[in-house]
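In what follows, a single structure is set out as structure tokens and then discussed.
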Amino acid sequence: RDAGDYICDSGDEQTMASLVVKALPVIFTQLLQNQQAEEGGTITLSCEISKPNAAVQWKKAGTVLRPSDKYKMRQTGSVAELTIRNLNGADA
């Protein structure tokens, strides 16, 4: 939103400059942590990113996870959470 041409006008003269804003990459400020849970239970994995509300994807073995009865995704500001319900051996 701030990128663009800016002009300073004195009435007799003008000077102009272009502003380019480079987007910073999204980095993880808090990493995922290994966890253990019991079969049939529920667990929540969470991480924190440097840009609040930046889009994240949750994946398992390269496959993108989608919200379902098993998986619940939530993102509040810079904290992203994945809740996995009814855990079984295939969830490891």
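The values are calculated or read from the model by the stated rules, or taken from the named source; none is laboratory data. Computed from a predicted structure; not experimentally measured. Using ideal geometry, Cβ is built from the backbone for each residue, glycine included, and neighbour counts are taken over all protein chains shown. Keep in mind that these areas ignore ligands, DNA and RNA; they rest on the heavy atoms of the full protein, side chains included. Shrake-Rupley method; radii C 1.70, N 1.55, O 1.52, S 1.80 Å.
Neighbours of Val79 by Cβ distance under 15 Å: Lys/Arg scored +1, Asp/Glu scored -1, total +1. Within the accessible area of the chain, the carbon and sulfur atoms contribute 50%, probe 1.4 Å, all protein chains present.
Reachable lysines from Lys60, Cα under 19 Å, same-chain residues fewer than 8 places away excluded? Those lysines meeting the cut-off are Lys70, Lys72. Phi angles of the range 43-54 translate, via the Karplus equation with coefficients 6.51, -1.76, 1.60 and θ = phi - 60°, into HN-Hα couplings of 9, 10, 9, 9, 8, 10, 10, 7, 10, x, 6, 5 Hz per residue; Gly and Pro are given as x.
Identify, among Leu65, Ser78, Thr29, the residue whose Cα sits farthest towards the positive end of the charge dipole of the chain, taking +1 on the Cβ of Lys and Arg and -1 on the Cβ of Asp and Glu, with the dipole about the Cα centre. Positive-most Cα among the choices belongs to Leu65. For P(r) over Cα pairs in 10 Å bins from 0, in percent, the value calculated from this model appears in (i) 13, 33, 20, 11, 10, 7, 4, 1; (ii) 13, 30, 33, 17, 7, 0; (iii) 14, 50, 34, 2 under label (i). Relative protection proxy for 45-56, 72-83, 19-30, 1-12, from highest mean packing down: 72-83, 45-56, 19-30, 1-12 (other beta-carbon atoms within 10 angstrom).
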